[in-house]
Amino acid sequence: MSEEITNLVGKFLSNTLSEEEIGKLLRAYQQKQISEKQFGDYYASKWEDAGQHPSRLAAENREKAWEQFKMYMRRNIQTLPKHKSRWIAMASIAAVAILFFILGLSLQRIRNHSQQELVVMVENGQKASVQLPDGSRVRLNSASELRYSPDFGEKNRMVKLEGEAYFEVQSNPNNPFIVLTRDHLQVKAVGTKFNIKAYSNDDQITGTLIEGRIEVSNSLISEVLAPNERISFNTKDGMFSKSRIDNVNEAIFWMTDQFVFDKETLGDIAKILERMYNVTISFTSPEITEIQYSGKIKNNSMENVLNLITVVSPLQYTMSGSHITFSKKQN
């Protein structure tokens, strides 16, 4: 694939093609300058950029993406002379859809009268990188979901998050970047780097500021964070707490597959393990869930994490398929 065609495909997937470039891309496809192998090679590099290792699922998704790409090309080669504006609208949706299929994600269009939302869903055991139309980058952790409107960046820069994500926001003082989470919590930024953790089955929502400034608020309070500060919101009692942390990078160790625990209960650790390794965890007695752990694990294969947990506590585990059971060690 020539550099020009590669750039056209990249622009197609980031929804930045001009009408002239759309015509060039269609002609390139007609002239068989874009093949399935070239398409796959191009997206293998995208997996590397996203920090992912291509898998059987990735290969299947590349095949789906190629079929979708061909379908849109064939359809719009026929309609381009009479319906250029219609092609542009369809290409905007197709571009995002193909990119997310390649990254092994799910994209859904939710129709609500005239309003549509683009939904990025990351399954258990997966992570993904997303670049938004304004140039802001989002790194999504396992079992996370990001929603935003197709006109993101035009009137506002609002996204909805369930799960965990690291944001690198492009600065635009006239159009703040807003993250909405569960319990009506809002994080507002102009240009900054921060991490938000807001899983639906966690009792805490936390925001950690790495660089810049963010404002965290709901209907009752508003707090401004400086770098190396963290804010926590307890969803049960509605209380906020703000603290300063020594190593702000601990908040994003999950991006490099590291664990940092600070008096975390095994019950909470189990939720993390379930998301990261796509397993289910149970306990033979409820008091096991209250055992606390502190420390950092670098070599965090699942077996390594499980073995370390049982080494430092009077526990053992058994595994059956993807189900793990913790129990007390037998004397």
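If I ask for residues that are aliphatic (A, V, I, L, M) and surrounded by fewer than 17 Cβ atoms within 10 Å (Cβ to Cβ), which ones from the stretch 220-254 would you list? Listed by number, the residues that qualify are L220, I221, V224, A226, M239, I245.
Note on the stretch 315-331: residues that are part of a loop (DSSP other than H, G, I, E, B) and surrounded by 11 or more Cβ atoms within 10 Å (Cβ to Cβ) total 1. Across the stretch 125-163, the qualifying residues are those that are closer than 17 Å to V187 by Cα and touching a helix residue (DSSP H, G or I) at 6+ places or on another chain (Cβ under 7 Å), and the one among them that is surrounded by the fewest Cβ atoms within 10 Å (Cβ to Cβ) is E162.
Evaluating I272 against the criteria (1) touching a strand residue (DSSP E or B) at 6+ places or on another chain (Cβ under 8 Å); (2) assigned by TED's automatic domain parsing to the domain that holds T208; (3) without any contact (Cβ under 8 Å) to a residue 24 or more places away in the chain; (4) of a type outside the set (D, E, K, R) leaves one unmet condition, (2). Scanning the stretch 297-320 for residues that are free of Cβ contacts under 8 Å to residues at least 40 places away in the same chain and either outside the structural domain of A270 (by TED's automatic domain parsing) or under 27 Å from the mean Cα position of the chain (by Cα) (or both) gives I297, N299, S301, M302, E303, N304, L306. When the residues of the stretch 305-314 are filtered to those that are surrounded by 13 or more Cβ atoms within 10 Å (Cβ to Cβ) and β-branched (V, I, T), which remaining residue is farthest from A251 (Cα to Cα)? Of everything passing the filter in the stretch 305-314, T310 is farthest from A251 (Cα to Cα).
Of all residues being touching a Ser or Thr at 6+ places or on another chain (Cβ under 6 Å) and not in a helix (DSSP H, G or I) in the stretch 230-264, which is modelled with the lowest pLDDT? Just the residue, please. Talk me through it step by step, then tell me what you get.
Step one: of the stretch 230-264, the residues touching a Ser or Thr at 6+ places or on another chain (Cβ under 6 Å) are 230, 232, 241, 251, 261-263.
Retained after the next criterion (residues that are not in a helix (DSSP H, G or I)): 230, 232, 241, 261-263.
Working: R230: 95, S232: 93, S241: 92, F261: 88, D262: 85, K263: 88.
Among them, the one singled out is D262.
Residue check: K329 meets all listed conditions (1) over 28 Å from D183 (Cα atoms); (2) touching a helix residue (DSSP H, G or I) at 6+ places or on another chain (Cβ under 7 Å) but one, namely (2). Quick one: is D268 at pLDDT below 90 and closer than 23 Å to M319 by Cα? No; evaluated as a whole, the condition is false for this residue.
Taking the condition of being of a type in the set (D, E, K, R), in a helix (DSSP H, G or I) and either at pLDDT 95 or above or surrounded by fewer than 18 Cβ atoms within 10 Å (Cβ to Cβ) (or both), how many residues in the stretch 271-304 meet it? Break it down into steps so the answer makes sense when it comes.
In the first step, residues of the stretch 271-304 are kept if they are of a type in the set (D, E, K, R); the result is 271, 274-275, 287, 290, 296, 298, 303.
The next check asks that each one be in a helix (DSSP H, G or I); those that pass are 271, 274-275, 287, 290, 303.
With either at pLDDT 95 or above or surrounded by fewer than 18 Cβ atoms within 10 Å (Cβ to Cβ) (or both) added as a condition, the list becomes 271, 287, 290, 303.
Total meeting the criteria: 4.
The values are calculated or read from the model by the stated rules, or taken from the named source; none is laboratory data. The shown structure was predicted, so the numbers you read here are calculated from the model rather than taken from an experiment. Note that we place each Cβ from the backbone using ideal geometry, even for glycine, and neighbour counts take in every protein chain shown.
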